[in-house]
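**Q** The structure under discussion is supplied below as structure tokens; questions concerning it will follow.
Taken together, the values in this text are just the output of simple stated rules run on the coordinates, not laboratory data. Computed from a predicted model, the values in this text were never measured in an experiment. So basically every Cβ, Gly included, is an ideal-geometry build from the backbone, and we count neighbours across all protein chains shown.
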């Protein structure tokens with residue numbers, strides 16, 4: 001029998017926790033909620049006693065908040081996969097969460113429709129951002145999007161999944177230098193400057209979260 005994905009949910013609104021738990025139980029037999037908490041301190045206690053595969057933390061929960069709790073969790077268990085849950089979809093907040101180590105970012109308004117997809121994506125090593133999240137200034141495009149080659153599209157997809165240049169090079173049987181050159185060309189074509197901008201582009205263009 002395939003091992004199920006173990007998940008902790010931490011949010012100070014019981015209706016959110018219970019709603020997500022009920023939806024997951026009803027629609028995703030491969031996912032099991034093994035812990036729920038109403039604040040950061042309780043969430044970290046759960047993580048110490050019974051580690052999960054993926055943690056869903058509300059960004060504004062109390063004592064400590066979601067980003068602070070995530071920072072503590074990543075010290076306790078480096079490599080832990082955390083999805084930040086938030087009412088806000090502004091790019092600055094999303095970028096802050098990703099930089100702090102989040103594997104995903106879910107906007108509460110659409111969490112019910114996206115939670116299962118997000119959990120599965122993050123568990124297999126991909127990043128997940130709610131598609132409603134809009135890109136920041138320089139990665140807003142007018143008219144037709146820039147044309148990437150098929151090789152560049154593959155590299156964008158692998159980069160959005162969290163792979164490093166050496167891993168992409170191995171996967172595509174290329175040299176790391178060649179991958180670096182492709183990535184530089186991609187950033188120039190799309191007028192992007194940060195990894196998080198490239199991830200948002202990949203999701204918006206259907207190059208991530210298959």
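**Q** Arrange 21, 166 by Cβ neighbour counts within 10 Å, fewest through most, would you?
**A** Lowest to highest Cβ neighbour count: 166, 21.
**Q** Once the piece of chain linking residue 48 and residue 166 is laid out straight, how much longer is it, given 0.36 nm per residue of separation minus the C-alpha distance between them?
**A** Stretched fully, the residue 48-residue 166 segment lengthens by 39.2 nm.
**Q** As a footprinting exposure proxy, order 70, 61 by other Cβ within 10 Å, with the fewest listed first.
**A** Fewest to most other Cβ atoms nearby, the residues stand as 61, 70.
**Q** To continue, here is another question. Going by alpha carbons, how many degrees (0 to 90, nearest 10) lie between the helix axis of 14-27 and the longest principal axis of the chain?
**A** Roughly 70 degrees between the two axes.
**Q** As an exercise, use a Förster radius of 41 Å and the Cβ-Cβ distance of residue 109 and residue 173 to find the FRET efficiency, rounded to the nearest 0.05.
**A** Plugging the Cβ-Cβ distance into 1/(1 + (r/R0)^6) gives 0.45.
**Q** For the range 1-28 and the range 55-113, what is the separation of their Cα centres, given in Å?
**A** Going from one Cα centre to the other spans 16 Å.
**Q** To check my understanding: the extent here is largest minus smallest coordinate of the Cα atoms along each principal axis. What are those three numbers for the chain, in Å, largest first?
**A** Principal-axis extents of the Cα atoms in the chain, largest first: 46, 37, 32 Å.
**Q** Please give, to one decimal in nm, the separation of the simple spin-label points placed at residue 63 and residue 132, each 7 Å out from Cα toward the Cβ.
**A** 3.0
**Q** Can you put 31, 9 in order, fewest other beta carbons within 10 Å first?
**A** In increasing order of surrounding Cβ atoms, one gets 31, 9.
**Q** Also, I was wondering about something else. If I fit a long axis through the Cα atoms of helix 176-190 and take the longest principal axis of the Cα atoms of the chain, what angle between them do I get, 0 to 90°, rounded to 10?
**A** Here the helix axis deviates by roughly 90 degrees.
**Q** Nearest 10 degrees is fine. How inclined is helix 150-160 to the longest principal axis of the chain, computing both from alpha carbons?
**A** Here the helix axis deviates by roughly 30 degrees.
**Q** Using R₀ = 25 Å, calculate the FRET efficiency as 1/(1 + (r/R₀)^6) where r is the Cβ-Cβ separation of residue 180 and residue 76; round to 0.05.
**A** Taking R0 as 25 Å, the efficiency between residue 180 and residue 76 is 0.15.
**Q** If I take R0 = 22 Å and measure r between the Cβ atoms of residue 193 and residue 149 in this structure, what FRET efficiency does the formula 1/(1 + (r/R0)^6) give, to the nearest 0.05?
**A** Working from the Cβ atoms, E equals 0.60.
**Q** Highest first, please rank the peptides 39-45, 72-78 by the mean number of other Cβ atoms sitting within 10 Å of their residues.
**A** Order by mean packing, descending: 39-45, 72-78.
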